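Here the structure comes first, spelled out in structure tokens, and everything after it is commentary.
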Amino acid sequence: NRGLRLQDIVTAMEMETLVSFNQVKSGKRAMGRLLKLRFMFTALCRKYLVYSFPQIARLLGKDHTTAVYYEKKHDQYKMDPEYLEQYNQIEANVEEILKQKRKQEDNDVS
């Protein structure tokens with residue numbers, strides 16, 4: 001996971017969207033924006049943390065098949081320019097956090 005933690009992904013999402021992770025993972029059936037954020041969260045956890053579908057599902061209070069569905073929907077929504085722009089910005093935030101962590105590690109080693 002290259003030093004990244006779950007909280008880093010949550011922070012990156014909250015920085016961009018101003019939506020708390022508690023809202024994203026709320027037990028309510030979500031439509032629109034919250035649902036899309038679940039898609040993005042799943043994709044980021046798979047890419048950066050190499051989390052399994054059951055792990056992601058537990059974080060969201062869902063069944064593992066729902067996490068599989070979220071990843072498939074993420075792949076479909078990447079064709080939507082607005083969705084992709086927001087996802088790319090969140091991913092840039094994740095990369096920035098990772099860069100800061102590496103910088104800190106380099107300073108700690110020196």
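Bear in mind that the values in this text are calculations on the coordinates, not laboratory data. Every value quoted in this text rests on a predicted model; they were computed, and no experiment measured them. Positions of Cβ are generated from backbone atoms using ideal geometry, with glycine treated the same way; all protein chains shown enter the neighbour counts.
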Let me know the Kirkwood hydrodynamic radius for the chain, please, with Cα pairs as the basis and the value in Å to one decimal. 14.3
Mind checking the dipole of the chain: about its Cα centre, +1 per Lys or Arg Cβ, -1 per Asp or Glu Cβ, Debye to the nearest 20? 520
Derived scalar couplings ³J(HN,Hα) [the range 51-65; Karplus, 6.51 cos²θ - 1.76 cosθ + 1.60; whole Hz; x for Gly, Pro]: 6, 7, 4, x, 5, 5, 4, 4, 4, 8, x, 10, 7, 4, 5
Mind checking the range 18-110 for trypsin sites (Lys or Arg not before Pro) that DSSP puts in a loop (not H, G, I, E or B) and that have at most 15 other Cβ atoms within 10 Å? Lys28, Arg29, Lys78
Helix-only mean residue ellipticity at 222 nm, the chain, DSSP H runs n ≥ 4 weighted -39,500 (n - 2.57), per residue, nearest 500. What is it? -23000 deg cm²/dmol
Roughly how far apart, in whole Å, are the Cα centres of the range 16-56 and the range 59-86? 8
Using only alpha carbon pairs under 8 Å that are at least six residues apart, calculate the relative contact order of the chain and give it in whole percent. 34
Taking Lys73 as the anchor, which lysines have their alpha carbon closer than 16 Å to its alpha carbon, excluding any fewer than eight residues away along the same chain? Lys36, Lys47, Lys62
